[in-house]
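S.K.: Here's a structure for you.
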């Protein structure tokens, strides 16, 4: 790990257990934008890995990223670097 870099693990909870298998068109569009955003972060070396976890109790998403700060909140971590 690069000196001064912190790692953060996020767990995104789906709106329902069957998501993303039964997404509406609106959800599908938003999810596509979400994937595009996180792919760009991966390409910049900020996101280490992200993707769905096919838990039998309900699908959720795992995101692992690295950043220089100890706190991630608001616009300060909107990954513009």
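S.K.: Look at the stretch 34-51 and say how many of its residues are in contact with a strand residue (DSSP E or B) (Cβ under 6 Å, 6 or more places away or on another chain) and over 12 Å from residue 65 (Cβ atoms).
M.R.: 0
S.K.: Could you grab me the full set of residues in the stretch 53-69 that are within 24 Å of residue 17 (Cα to Cα) and either in contact (Cβ under 8 Å) with a residue 24 or more places away in the chain or in a strand (DSSP E or B) (or both)?
M.R.: If the condition is that a residue be within 24 Å of residue 17 (Cα to Cα) and either in contact (Cβ under 8 Å) with a residue 24 or more places away in the chain or in a strand (DSSP E or B) (or both), then 53, 57, 58, 59, 60, 61, 62, 63, 64 are the ones that fit.
S.K.: A further question follows. Hey, could you check the stretch 13-49 for residues that are in a strand (DSSP E or B) and touching a helix residue (DSSP H, G or I) at 6+ places or on another chain (Cβ under 9 Å) and say which is surrounded by the fewest Cβ atoms within 10 Å (Cβ to Cβ)?
M.R.: Looking at the filtered set, the residue picked out is 49.
S.K.: Got at least one residue in the stretch 37-52 being more than 22 Å from residue 5 (Cβ to Cβ) and in contact (Cβ under 8 Å) with a residue 12 or more places away in the chain?
M.R.: yes
Quick note: the coordinates plus some simple rules give every number you see, no bench work behind them. In this text the structure is predicted, and so the values were computed from the model without any measurement. So basically every Cβ, Gly included, is an ideal-geometry build from the backbone, and we count neighbours across all protein chains shown.
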